[in-house]
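The values are calculated or read from the model by the stated rules, or taken from the named source; none is laboratory data. What you see is a predicted model; the values in this text were computed from it and never measured. Here the Cβ positions follow ideal geometry from the backbone for every residue, glycine too, while neighbour counts run over all protein chains shown.
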Amino acid sequence: MASRYWVVALPVQQTSSATSLWNTLQDSISKHSFDTPLYRFNIPNLRIGTLDSLLALSDDLVKSNSFIEGVCSKIRRQIEELERASGALSSSLTVDGVPVDSYLTRFVWDEAKYPTMSPLRETVDGVHTQVAKIEDDLKVRVAEYNNVRSQLNAINRKQAGSLAVRDLSNLVKPEDIIVSEHLTTLLAVVSKFSQRDWLASYETLTTYVVPRSSKKLYEDNEYSLYTVTLFSRDADNFRNKARERGFQIRDFEYNPETQESRKQELERLMQDQEAFKASLLQWCYTSYGEVFSSWMHFTAVRVFAESILRYGLPPSFLSVVLAPSVKSEKKVRSILESLCDSSNSTYWKTEDEGSVGVFGGDTDAHPYVSFSINLV
């Protein structure tokens, strides 16, 4: 699949016809740029209105196109991000089950959705409104997904940080803690370089420490987690003495109900994240197709309006889609220009005949109507 296409409209001369111009273009492309795919881009006869209305519409089409193309890109990037997060293989983007490149190269105007007798302004505004609604929906759905993901990431950070800051609830078992009328168990975070010092000194930091009560529960790259059992009345004094020696006593209270609640919350958030991700991905696939379809109808309106302004009335032009390679662009531009038979051809030339502007910005660089469609 090509990543960039040109949508071009060539003027049909009074002594010729769209069919003969199409045949001539096919022959020229096959002889001089045989690696360039070429397709008809069928645009129905749309309601023209007045010249003033076309001129006013033409100014707005550039801005609207940038907006629509931007929404298309946002949805595509969101799909790519979700697929990377899932580790899933990328699925091809489609419009009503048809790959987007095929939809473009075999474009058929949807009369039911966009009646050709409607004013062009009404059609354009309808497309813009629909795409704006999809963009708003995208923002809401992404915000919901990111909110759940942020909550889950916050929990994971607490569980993955160093022992000095991480949640200790999943590291401590009921049997590690002694809580009675007179005794309590504290949790000490000890630097890995100070473990020998801790084991040698914890029993004598205060008077009422249970001998040989310290046990290592866990260690990471920086710290080790130890228990120590002592009389409850001596706990505050022990904390102060431990701090003076560089040992951190973590506040911790083992509560089975709290532990179970945290576990259930984590499981719920994981399930919610997967559900939001799957729902958002499916929505993005569907919405991308809707936006792309709207974009192609919008493009057809642009080509039609620009061709009327460029070539005059009655409408007499041939619209096509091409996908030249980079090395073939200059040759294809030359072929297209030669078929314009325009006295203004020299005026329309640019310093770099092979250059192509962005969609909506390259029409004035050539003696024919030309827009670019970027699919990636």
| query | Does Arg47 count as out of contact with any Cys (no Cβ under 8 Å at 6 or more places or on another chain), charged (D, E, K, R), touching a residue at least 60 places away in the same chain (Cβ under 8 Å) and within 19 Å of Tyr311 (Cα to Cα)? | reply | yes
| query | Which of the residues spanning the stretch 143-173 are modelled with pLDDT under 85, closer than 30 Å to Lys74 by Cβ and not polar (S, T, N, Q)? | reply | Ala154, Ile155, Arg157
| task | Among the residues of the stretch 246-260, count how many are free of Cβ contacts under 8 Å to residues at least 60 places away in the same chain and loosely packed, with under 14 Cβ neighbours inside 10 Å. | result | 6
| From the list Asn344, Asn374, which residue is exposed (fewer than 14 other Cβ atoms within 10 Å of the Cβ) and either at pLDDT 95 or above or in contact with a strand residue (DSSP E or B) (Cβ under 8 Å, 6 or more places away or on another chain) (or both)? | Asn374
| said: Whether any residue in the stretch 57-71 is farther than 27 Å from Glu274 by Cβ and part of a loop (DSSP other than H, G, I, E, B) is what I want to check. | reply: no
| message | Out of the residues in the stretch 261-295 meeting the condition of being in contact (Cβ under 8 Å) with a residue 12 or more places away in the chain and under 15 Å from Ser150 (Cα atoms), tell me which one is farthest from the chain's Cα centre (by Cα). | response | Glu265
| task | Check Arg239, Arg245, Arg233 and return the single one that is basic (Lys, Arg), in contact with a helix residue (DSSP H, G or I) (Cβ under 9 Å, 6 or more places away or on another chain) and assigned by TED's automatic domain parsing to the domain that holds Thr184. | result | Arg245
| Does the stretch 158-176 contain at least one residue that is in the same structural domain as Ile68 (by TED's automatic domain parsing), part of a helix (DSSP H, G or I) and within 30 Å of Asp60 (Cβ to Cβ)? | no
| remark: Pairs returned, first residue in the stretch 307-326 that is on the phi < 0 side of the Ramachandran plot, second residue that is aromatic (Phe, Trp, Tyr) and in a loop (DSSP other than H, G, I, E, B), beta-carbon separation under 7 angstrom, 6 or more apart or interchain, are Ser319/Phe41; Val320/Phe41; Val321/Phe41
| Of all residues in the stretch 188-239, which are touching a Leu at 6+ places or on another chain (Cβ under 9 Å), of a type in the set (S, T, N, Q) and not in a loop (DSSP other than H, G, I, E, B)? | Ser224, Thr227, Thr229, Ser232, Asn237
| Close pairs from the stretch 18-32: first among the hydroxyl-bearing types (Ser, Thr, Tyr), partner surrounded by fewer than 18 Cβ atoms within 10 Å (Cβ to Cβ) and at pLDDT below 95, Cβ under 8 Å, at least 6 apart | Ser28/Ser338
| remark: Filtering the stretch 166-222 for residues that are aliphatic (A, V, I, L, M) and touching a residue at least 60 places away in the same chain (Cβ under 8 Å) leaves a count of 8
| message | Considering only residues that are farther than 23 Å from Leu55 by Cβ, polar (S, T, N, Q) and touching a residue at least 12 places away in the same chain (Cβ under 8 Å), which ones fall in the stretch 91-122? | response | Ser91, Thr94, Thr105
| Just a yes or no: is a residue in the stretch 7-20 within 22 Å of Ser370 (Cβ to Cβ), among the hydrophobic types (A, V, I, L, M, F, W, C) and outside any strand (DSSP E or B)? | yes
| Say we look at the stretch 179-233 and pick out the residues that are small (Gly, Ala, Ser) and under 49 Å from the mean Cα position of the chain (by Cα); which of these is surrounded by the most Cβ atoms within 10 Å (Cβ to Cβ)? | Ala188
| field | Matching option when the condition is among the small types (Gly, Ala, Ser) and surrounded by 13 or more Cβ atoms within 10 Å (Cβ to Cβ), among Ser86, Ser66, Ser91 | value | Ser66
| remark: Selection over the stretch 125-176 where residues are of a type in the set (Val, Ile, Thr) and under 20 Å from the mean Cα position of the chain (by Cα) yields a count of 5
